[in-house]
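Reviewing the structure listed below.
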Amino acid sequence: MPGARVMSRDSSGASEADAGRFATTHWSVVLAAAGTDERRAREALAKLCATYWYPLYAFVRRQGFGPEDAEDLTQGFFAHLLEHEALATVDQAKGKFRSFLLASLRHFLAVERQQALAQKRGGGHASVPLDAPYAEKRYALELADAASPDKVFERNWALALMEQVLDRLRAEQVVLDKRAQFDLLRDCLMGDPDAPRYADLAAKLRMSEDAMKMAVSRLRRRYRQLLRQEIAHTVSTPAEVEEEIRHLFAALGC
């Protein structure tokens, strides 16, 4: 599975740097601020929802809802999470953001099934932006998957996390004026067995093969660092990072 080789090289345990970052990670901010600093908690939660909305949308679609209803329900769920009443009790959930979201979504859908969906449309709440056309194109590719909705959610969560890490890494490389190099080396970074041979890449980049391999090594090292940081955003304690990495492997079939 793409990404397995890269991620598996950095699973030796949470470092002191990981522990230090937990004071400002998104999910930890939600847990710490809920009930005391509603604005900070809502902003942190909104950031996480904006990143991981697609796994939730696909889960709702797997429950038998059509595209429009799934979009409305996903937006309604986010509005529910961002309300004061929901944030006031979020600290009771603790644990991983992934697990909290799925459990909360299940409860939300159970309640919504007892109400008229049309009354919930719009609602006057601030929403998390959703790319509905993209979501439906992606969901159409998943229809043949016989896995349970929970399994599909877990895999989509893992993919969303990896996409976020790659976006952050690419943004860093753009700032360093290395966008073209990153785009060519991305397949090597992800451990793609069909990636072009190093010699061919070196020729395209007008680099020696040794210099090109060193560039790939640096990108992989930075990718592993960003992966750990991104996972840290979604768990409560440094000790949970390794467990979540293992879960990520399992979800991707690695």
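Given the criteria under 28 Å from Glu142 (Cβ atoms) and either crowded, with 16+ Cβ neighbours inside 10 Å or under 21 Å from the mean Cα position of the chain (by Cα) (or both), does Leu169 qualify? Criteria met by Leu169.
Does Ala250 satisfy being touching a Pro at 6+ places or on another chain (Cβ under 8 Å) and either closer than 30 Å to Ser99 by Cα or surrounded by 15 or more Cβ atoms within 10 Å (Cβ to Cβ) (or both)? Taking the combined requirement at face value, the residue does not satisfy it.
Close Cβ contacts (under 6 Å, 6 or more residues apart or on different chains) running from residues in the range 237-254 that are over 18 Å from Val30 (Cβ atoms) to residues that are in a helix (DSSP H, G or I) and open to solvent by 20 Å² or more (accessible area, probe 1.4 Å) comprise Ala251/Glu154; Ala251/Arg155; Cys254/Ala4.
When the helices (runs of 4 or more DSSP H) confined to the range 133-229 are screened for residues that are of a type in the set (S, T, N, Q), those reaching at least 3 such residues are found at 149-175. Just wondering, is there one or more residues in the range 100-110 that are assigned to a helix (DSSP H, G or I), under 26 Å from Asp187 (Cα atoms) and either open to solvent by less than 70 Å² (accessible area, probe 1.4 Å) or modelled with pLDDT of 75 or more (or both)? Checked the range 100-110: no residue is assigned to a helix (DSSP H, G or I), under 26 Å from Asp187 (Cα atoms) and either open to solvent by less than 70 Å² (accessible area, probe 1.4 Å) or modelled with pLDDT of 75 or more (or both).
The values are calculated or read from the model by the stated rules, or taken from the named source; none is laboratory data. All of these numbers come straight from a predicted model, not from anything done at the bench. Glycine gets a Cβ as well: all are built from the backbone with ideal geometry, and neighbour counts include every protein chain shown. Ligands, DNA and RNA are stripped out before the accessible areas are found, and what is left, the full protein with its side chains, is counted by its heavy atoms. Shrake-Rupley method; radii C 1.70, N 1.55, O 1.52, S 1.80 Å.
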